[in-house]
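> After the C-alpha cells below, expect a handful of questions from me.
Values in this text are rule-based calculations from the coordinates and carry no lab data. What you are looking at is a predicted structure, and each value in this text was computed from that prediction instead of being measured. All Cβ positions, even for glycine, are placed from backbone atoms using ideal geometry, and neighbour counts span all protein chains on display.
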C-alpha cells in the first residue's frame with residue numbers, strides 16, 4: 001500500500017524546533033484527548049537531512065517541539081534544538097519535511113494552526129525583545145546618571161582641595177604671586193661688614 005505525498009517542505013534547522021513546537025501544540029489541541037490523531041501524525045510525518053540523509057520519525061519531531069523528559073535526553077534532539085544536524089559531524093542547514101496523506105490527518109488545517117501559533121510566538125518574542133531593550137535602556141540611563149554623579153563629586157572634591165591648598169582653579173582663582181624682600185640678617189654683636 002503506497003501512500004501519496006501530500007506536502008514536501010524544506011525547513012531551516014534554526015527554525016525546526018520552533019516549527020515542531022507549533023505543530024505539536026496544534027496536534028495536541030486538535031486531538032483534544034484523542035490519541036489516534038497524534039499517532040496518525042507521528043506515522044505520516046518524517047524528516048530527512050538534505051545533506052547526510054538522516055531520517056527522523058514523526059514521534060521524534062513532535063518530541064523535538066516538547067520539553068525533554070528528565071533523565072536520559074535524546075542526543076539527536078538536543079543537537080537539533082541547538083541548531084545543528086542530528087548527525088554529529090554533519091554541517092547541513094536544512095531538513096526536508098514530508099507530510100504524507102493519512103485519512104485521519106488534515107495537514108492543511110494542522111499547518112495553518114501551527115503557522116498561526118508560530119506567528120503568536122513571534123509576536124510574544126517580539127514583545128519580550130522590546131521589553132528587554134527597554135530594560136537595558138533604563139539600566140544604561142541609570143548607569144550614566146551614576147557615572148555623572150560620581151564625576152561631579154570627584155570634581156567638587158578637586159575644587160575644594162585646590163581652593164584649600166591655594167592652587168589654581170581655572171576661571172575662578174588664579175595663583176597669587178608673592179614677592180619676597182631680601183633683608184640682610186643682622187646679628188647683634190658681630191658688627192656689620
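> What FRET efficiency comes out for the pair residue 138/residue 28, r = Cβ-Cβ distance, R0 = 41 Å, nearest 0.05?
Working from the Cβ atoms, E equals 0.60.
> Does the range 5-128 classify as rounded, prolate or oblate by the C-alpha gyration tensor (a ≥ b ≥ c root eigenvalues; a/c under 1.5 gives rounded; else a/b over b/c gives prolate, otherwise oblate)?
Cα axes put the range 5-128 in the rounded bin.
> Could you work out the per residue convex hull volume over the alpha carbons of the range 70-164, in cubic angstrom? Intermediate values should be presented prior to the final figure.
On the way: hull volume 21.8 nm³, N = 95.
Per residue, the Cα convex hull of the range 70-164 comes to 229 Å³.
> By how many nm would the segment from residue 107 to residue 14 grow when fully extended, if each residue of separation counts as 0.36 nm and the alpha-carbon distance is taken off?
Computed gain between residue 107 and residue 14 is 31.2 nm.
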